[in-house]
């Protein structure tokens, strides 16, 4: 097996022990059921920027970036059993980040497709959280995309292409139910 890293090739075998899903596991792993429970994603990313933030106190605490540009009070929503204080929550921050990132991806997609993305393009993200049927908690995301001045076919092409470019879309693909709509 070649060591994981930039351009590494990983040999995998497919296992079908987790609710009928084919799941890749490293070939060298123990062939027991437990060895085939996780998906293995080998991907090379040439990191250009790393954000660092620290949270203290969990959902009812604070979060701060290492450079001090982000400093927020956190509050648990009432819907999750919290007090619903005046702070933000991880889902709101995820929604804001996904929205902003998706607009950037649409601009790149527009350049690739030779379609001018309007300056007043907007994305409204709704991020939901709740218990998963398989246990634990999960999130969902709905992105409502507005591209004023583009016809529906052009807008859909930009959105579909951006969904393949956006790092948030790539990070959530296969793990989070994401719905994209052109409004």
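Each value in this text was obtained by applying a stated rule to the coordinates, not by laboratory testing. Worth saying up front: this structure is predicted, and the values here are computed from it rather than measured. In this analysis, Cβ positions are derived from the backbone assuming ideal geometry, glycine residues included, and neighbour counts consider all displayed protein chains.
Brief remarks follow.
- If the condition is being loosely packed, with under 13 Cβ neighbours inside 10 Å and more than 21 Å from the chain's Cα centre (by Cα), then region 64-83 contributes 66, 67, 68, 69, 71, 78, 79, 81, 83.
- In this structure, residue 178 qualifies as buried (at least 17 other Cβ atoms within 10 Å of the Cβ), without any contact (Cβ under 8 Å) to a residue 40 or more places away in the chain and in a strand (DSSP E or B).
- Condition met for residue 145 (surrounded by 14 or more Cβ atoms within 10 Å (Cβ to Cβ) and in contact (Cβ under 8 Å) with a residue 24 or more places away in the chain): yes
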